[in-house]
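The structure appears right after this line, and notes come after that.
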Amino acid sequence: MKKYSEIQILSINDIKINIQIQKKTYQKMKFDQVLNFKKNFVKIRILRKYIAKLKTELNKKINDNKSGK
């Protein structure tokens, strides 16, 4: 997982691809947790926060493009 400063450098398409990959990973972790009783609570929480950071930066970049910056 990248730091927020590294996320800011990515392009819109890179962020979208990264979000899709991380969502698939998140869903797999949640599914594995239910079936195998793995205790990945911390990893799941960190991944969820990382996806939120990616979405925040994506929305920021989209809004900046709309406003003409």
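In degrees from 0 to 90, rounded to the nearest 10, what is the angle of the helix 12-36 Cα long axis to the longest principal axis of the chain?
Taking Cα atoms only, the helix is inclined about 10 degrees.
Treating only the Cβ atoms of Lys and Arg (+1) and Asp and Glu (-1) as charged, compute the dipole magnitude of segment 1-45 about its Cα centre; round to the nearest 20 debye.
Here segment 1-45 has a charge dipole of around 220 debye.
Rounding to the nearest 10 and keeping the result within 0 to 90°, find how far the Cα-based axis of helix 41-67 lies from the longest principal axis of the chain.
Between the helix axis and the principal axis of the chain, the angle is about 20 degrees.
What number comes out for the charge environment of Glu6, summing +1 per Lys or Arg and -1 per Asp or Glu over other residues with Cβ under 12 Å away?
Every neighbour counted, the sum reads +1.
Counting each DSSP H run of 4 or more residues in the chain as -39500 (n - 2.57), what helix-only mean residue ellipticity at 222 nm follows after dividing by all residues, to the nearest 500 deg cm²/dmol?
The helix-only estimate for the chain comes to -29000 deg cm²/dmol at 222 nm.
Could you compute the FRET efficiency for Lys66 and Asp14, with r as their C-beta to C-beta distance and R0 at 22 Å, rounded to 0.05?
Working from the Cβ atoms, E equals 0.70.
Could you give the spread of the C-alpha atoms of the chain along their three principal axes, from largest to smallest, in whole angstroms?
Computed over the chain, the largest-to-smallest principal extents equal 49, 18, 14 Å.
Please list, or write none, the lysines whose alpha carbon is within less than 22 Å of the alpha carbon of Lys30, excluding same-chain residues fewer than 8 places away.
Lys2, Lys16, Lys38, Lys39, Lys43, Lys49, Lys53, Lys55
Select from the chain those chymotrypsin sites (Phe, Trp or Tyr not before Pro) which occupy a DSSP coil region and have at most 15 other Cβ atoms within 10 Å, ordered by residue number.
Phe37
The numbers here are math on the coordinates, done by the rules we state, and not lab data. Quick caveat: nothing in here was measured; it's all calculated off a predicted structure. FYI the Cβ positions are ideal-geometry reconstructions off the backbone, even for glycines, and counts take in every protein chain you see.
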